[in-house]
1. Having 1 or more residues that are modelled with pLDDT of 95 or more is the bar; report the helices (runs of 4 or more DSSP H) wholly within segment 31-109 that clear it.
2. Exactly one of (1) modelled with pLDDT under 85; (2) open to solvent by 20 Å² or more (accessible area, probe 1.4 Å); (3) more than 14 Å from residue 12 (Cβ to Cβ); (4) part of a loop (DSSP other than H, G, I, E, B) is unmet by residue 141. Its number?
3. What's the number of the condition residue 28 fails, among (1) under 14 Å from residue 133 (Cα atoms); (2) surrounded by 15 or more Cβ atoms within 10 Å (Cβ to Cβ); (3) touching a Gly at 6+ places or on another chain (Cβ under 7 Å)?
4. When only residues in segment 6-25 that are touching a helix residue (DSSP H, G or I) at 6+ places or on another chain (Cβ under 7 Å) and in a loop (DSSP other than H, G, I, E, B) count, which is surrounded by the most Cβ atoms within 10 Å (Cβ to Cβ)?
Amino acid sequence: MNLDKGKVVFFHSSVDGLQINFPVIKVIDIIREIIGDNGSILAPTDSLGGMSTYDFLKSGQVFDVRKTPSASGLLSEFLRRTPGSIRSFHPIKSVSGIGPDVEEITNHHQHSIYPFDSNSPYFRLLDYDSVIVGIGTGYTGRNTMGLP
């Protein structure tokens, strides 16, 4: 995955795409071991659950930053539930993570007019030694970075 000590890792994942013979939750532990205590791990923890943004907002569902589950896959939900995890305050395109840089990366997302503007974690990753990783999924296709 081209990871080193101190990296900021943003992952997209599909557990269905993994062929591992150990508990999937260990994937996060493996990344933490590789990047060390100075590295950070983040993932999208969207709350749309397959709905369009418009339909989600129209549904009246309440976003609880502490309890609303991630609709971005099992690994992102494990990361969201990891002790010490921080989640951005964006009801549609939230990001969760652990590590020393996560608070700074996520702490302005609630000021975003658009989910991916300059206050968003997606934009702020550009200021860090970050890498985007597909775990069980290719880099192309659907990913929150909007990249082909």
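1. Numbers: elements: 53-59, 74-81, 102-106.
Ranges flagged: 74-81, 102-106.
2. Just one mismatch for residue 141, condition (3).
3. Answer for residue 28: the failing condition is (3).
4. 7
Residues checked against (1) under 29 Å from residue 20 (Cα atoms); (2) surrounded by fewer than 22 Cβ atoms within 10 Å (Cβ to Cβ):
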residue	(1), (2)
72	yes, no
84	yes, yes
91	no, yes
96	yes, no
117	no, yes
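The values are calculated or read from the model by the stated rules, or taken from the named source; none is laboratory data. The structure presented is a predicted model; accordingly, all values stated were derived computationally and were not measured. Methodologically, a virtual Cβ is constructed for each residue, glycine included, from the backbone with ideal geometry; neighbour enumeration extends over all protein chains shown. These accessible areas exclude ligands, DNA and RNA; they are computed on the full protein's heavy atoms, side chains included. Shrake-Rupley method; radii C 1.70, N 1.55, O 1.52, S 1.80 Å.
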